[in-house]
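So the structure is just underneath, and the comments pick up after that.
The values are calculated or read from the model by the stated rules, or taken from the named source; none is laboratory data. Everything numeric here is computed off the predicted structure, so don't read it as measured data. Please note: Cβ atoms are built from the backbone with ideal geometry, for glycine as well, and neighbour counts cover all protein chains shown.
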Amino acid sequence: MDEDVVRERDARAYDAVHEASDFTELKRRYRNFVVPWTIAFMAWYLAYVACNNWARDFMGTEVIGNVNVALLFGLLQFLSTFVIAALYGRFANRKLDPLASGLNAKYKRERRR
């Protein structure tokens, strides 16, 4: 098959998917999840860094034995990363993947035309 024909078919299929209302909805759902969680995580991380720089007495406060607030905050950074990743996986499976599968099927149908 001629390479120009394949490119034209791919471009037409891409345009059809890009113009679909499901594509707009997919982007909206993705942004509505990712933006707030990114802002929340970055605020949490920057608070941790700021406290380590300017609230050393607070961060050095021992909680249990030699475990201090700084160590707990550091461990909570890891925990929050895994929690957000798990929430995103669950969200994507329920809200994004069905739309993406439909758009993928539409793309494949359009390419065959």
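Whether any residue in the range 14-21 is free of Cβ contacts under 8 Å to residues at least 12 places away in the same chain, more than 24 Å from Lys106 (Cβ to Cβ) and not aromatic (Phe, Trp, Tyr) is what I want to check.
no
Right, Met42: within 27 Å of the chain's Cα centre (by Cα) and free of Cβ contacts under 8 Å to residues at least 60 places away in the same chain or not?
Yes; evaluated as a whole, the condition is true for this residue.
Condition first: more than 19 Å from Phe33 (Cβ to Cβ) and either outside any helix (DSSP H, G or I) or not acidic (Asp, Glu) (or both). Now tell me which residues in the range 80-113 satisfy that.
Asn104, Ala105, Lys106, Tyr107, Lys108, Arg109, Arg111, Arg112, Arg113
Which of the residues belonging to the range 1-42 are among the aliphatic types (A, V, I, L, M) and either loosely packed, with under 11 Cβ neighbours inside 10 Å or more than 25 Å from Ser80 (Cβ to Cβ) (or both)?
Within the range 1-42, Met1, Val5, Val6, Ala11, Ala13, Ala16, Val17, Ala20, Leu26, Val35, Ile39, Met42 meet the criteria.
Exactly one condition in (1) within 25 Å of the chain's Cα centre (by Cα); (2) at pLDDT 95 or above; (3) surrounded by 11 or more Cβ atoms within 10 Å (Cβ to Cβ) is false for Gly60; which is it?
With respect to (1) within 25 Å of the chain's Cα centre (by Cα); (2) at pLDDT 95 or above; (3) surrounded by 11 or more Cβ atoms within 10 Å (Cβ to Cβ), Gly60 is out only on (1).
I'm trying to understand the selection: among the residues of the range 22-61, which are polar (S, T, N, Q) and under 30 Å from Asn104 (Cα atoms)?
If the condition is that a residue be polar (S, T, N, Q) and under 30 Å from Asn104 (Cα atoms), then Thr24, Asn32, Thr38 are the ones that fit.
Given the conditions (1) of a type in the set (Phe, Trp, Tyr); (2) surrounded by 12 or more Cβ atoms within 10 Å (Cβ to Cβ); (3) free of Cβ contacts under 8 Å to residues at least 12 places away in the same chain, and given that Phe82 satisfies all but one, which numbered condition is not satisfied?
Here Phe82 meets the rest and fails (2).
Name the single residue that is nearest to Asn32 (Cα to Cα) among those in the range 64-78 being surrounded by 11 or more Cβ atoms within 10 Å (Cβ to Cβ) and hydrophobic (A, V, I, L, M, F, W, C).
Leu76
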